[in-house]
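Notes for the one structure printed next.
The values are calculated or read from the model by the stated rules, or taken from the named source; none is laboratory data. Remember, predicted model here, so these are calculated numbers, not experimental data. With ideal geometry, Cβ positions are generated from the backbone for all residues, glycine too; neighbour counts draw on all protein chains shown. We work out accessible area using only protein heavy atoms, side chains counted, and drop any ligands, DNA or RNA first. Shrake-Rupley method; radii C 1.70, N 1.55, O 1.52, S 1.80 Å.
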Amino acid sequence: MRSRDYDLEFRERAARIRGWGTILLVVAGLLWGWCAVLLMTEYSVETRSGFEKECAARLFTDGGTANEGVYAGDYCADERDWPEALAVLGLSIPVALVGTALFTTGSVSRRMSGHAQAMRELDRLAERRAKESEESGRSQG
């Protein structure tokens, strides 16, 4: 395999790796968004008698319906629990870490490949100038 073909294949692999990293970072962002929705939005639950009851957001309550309601027989306490939101947040952490690692690896690989190509071009130019100056020195002498 010629070096140019290998370099192009290397860049394609790096682009795929960076693409997977981007996808995983988007998934992590969606998980963070889901966690935010679970914690910051108001919600309603249906009681046993069939009525709808409005519940305060988990994050913005000072007790009452979301946190201490289970002791008072409140339906809001069972609908959105902290473990669910924390599980979503906990799941997003490894996804974000792997996504960041893949995105960084792909980006750095592409940059290094471009740098190596630029260095090869500079070496070729330097060799060409050295030959030209050598030939011009011979023709003058």
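Miscellaneous remarks
- Total residues in the range 23-51, condition open to solvent by less than 90 Å² (accessible area, probe 1.4 Å) and in contact with a helix residue (DSSP H, G or I) (Cβ under 6 Å, 6 or more places away or on another chain): 9
- Condition met for PRO83 (at pLDDT below 85 and either in a helix (DSSP H, G or I) or closer than 19 Å to LEU24 by Cα (or both)): yes
- Candidates ALA57, ALA72, filtered to the one that is modelled with pLDDT under 85 and in contact with an Asp or Glu (Cβ under 9 Å, 6 or more places away or on another chain): ALA57
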